[in-house]
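Single-structure report; data block below.
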Amino acid sequence: MLAHCAGMLDLVALPLWVGTLVSAYRLDPQQAGGLVTLFLAGAVFSSLAVAPRLHRLPGRLVTSLGFGLAALAFAGVSQTTDYAWMAGLHLLAGVTSAAALSCTHGTIARSANPHRLFALVGMALGVFAVVFFAALPPLMARWGGDRLFQVFAGVMAVAGAVAALVFPRTVAASPVPASVAAAPRAGLGRAVWFGALGVSCMALVQAMMFSFLERIGIDRGFGQPAVNAVLVALGLVNLLPAGLAALLQRRWPAERVVLCGPVVQLALVLLMTQSQQFAPYAAAASVFAAVMIFTHTFAFGLLARLDPSGRALAATPAMMMAGAALGPVLGGTLVKWAGYESLAVAALLIAIGAVGCFAQARQAPGLRPDAARSAP
């Protein structure tokens, strides 16, 4: 739970992250988005390097060391305003934290019921989001924007220390046949690649829109207290989707849920970008991240069935952040040259691609039984 919360920090923190870089560090939207993109790009390449080697890496060492180095990187960001230094440290933080997160997700993927366990760590992320949004904006208002990166460093440090003590040295026995588990070098199927690409498309829309959620509210005159209240509400709502996904695991087929996720996500983007009134903006913003969490939980379970080795899901940071890495800088560029409304056009095109990819992410009939349904 702690490792997932630290590794998925960007999913929670993007609005404040980009907003702080714009308001406190006086960067333009494109520059601010570029720093976050460096963090996420580093995470993508790190995850792609770690995932194929999952079976040979000492998970406890990689997880604790990765978060420890990320803590040092964010602590360094809090001490400088030089853009080049901030860029390098963002990149280092992304590389190290994603290595830790890849080992975390690879361990979850090889548990007896990956869908249920991923839902559990998702609920922990929801609790973390509530505390984060309730505590951090007042702290930053009083002490300055550098407190954001000090909090990031603290979160990473705690996760690294706890991982060093209790992270599993070995993963749980795989529920799949030994012949499958013993073939870590087998190629990933077409359905797995399409499923991963679908997750990346949704992550791109999530990061592109989420990065500017706070700025949209401020620039439209809703006021900082009202926008902060929306962020707290968003955190409270995020307590629900992972638990709901766990309850609905056997009632709603994952293949259909992942098809609906991009469509709902697009509808919320349209509300946030096109409405000039506070109520529609607040309603859409408060549930926006929940759609990604709910859909991703089902996608995680689906990909765990399609690839029981766990290698594909060890690359979950790459799936999420390959899309998310482009989101802040793409969103910043669009906002800079065409305004917030242009985000909706980009979201529409990406959502079409996501639905097309998820339509191909299906297990061949009769290949093997549903591992999640047969798990205790």
18 Å reach of a label modelled at residue 277, 7 Å along Cα-to-Cβ, counting backbone N of the stretch 203-224 | 217, 220-223
Per-residue HN-Hα couplings for the stretch 336-344 [Karplus 6.51, -1.76, 1.60; θ = phi - 60°; Hz; x = Gly/Pro] | 4, 9, 9, x, 5, 4, 5, 4, 5
Using per-residue counts of other Cβ atoms within 10 Å, averaged over each peptide, order 5-18, 143-156 from highest down.
-> 5-18, 143-156
What list of ³J(HN,Hα) values in whole Hz, one per residue of the stretch 63-72 in order, does the Karplus curve 6.51 cos²θ - 1.76 cosθ + 1.60 (θ = phi - 60°) give from phi, with Gly and Pro shown as x?
-> 5, 5, 5, x, 5, x, 5, 5, 4, 5
Evaluate the charge dipole of the chain about its Cα centre and quote only its size in Debye, nearest 20, assuming +1 on the Cβ of each Lys and Arg and -1 on the Cβ of each Asp and Glu.
-> 1100 debye
Among 197-209, 23-35, the order from most to least packed when residues are scored by Cβ within 10 Å on average = 197-209, 23-35
Here Rg/Rh (Cα, Kirkwood) for the chain equals 0.95
Over the stretch 218-333, what relative contact order in percent results from Cα pairs under 8 Å that are six or more residues apart?
-> 31 percent
Dipole size in debye (nearest 20) for the stretch 21-174 around its Cα centre, Lys and Arg Cβ +1, Asp and Glu Cβ -1?
-> 520 debye
Computed E for residue 218/residue 82 - FRET, C-beta separation, R0 35 angstrom, nearest 0.05 | 0.85
Given the rule -39500 (n - 2.57) for each run of at least 4 DSSP H residues, summed and divided by the residues of the chain, what is its mean residue ellipticity at 222 nm, to the nearest 500 deg cm²/dmol?
-> -26000 deg cm²/dmol
Karplus-derived 3J(HN,Hα), 6.51/-1.76/1.60, for each residue of the stretch 144-156, Hz, glycine and proline x = x, x, 5, 4, 4, 6, 5, 5, 3, 4, x, 4, 5
Using only alpha carbon pairs under 8 Å that are at least six residues apart, calculate the relative contact order of the chain and give it in whole percent.
-> 31 percent
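Every number here is computed from the coordinates shown, using simple stated rules; none is lab data. All figures in this text were calculated on a predicted structure; none of them were measured in a lab. Cβ sites come from the backbone with ideal geometry, for glycine too, and all protein chains shown count toward neighbours.
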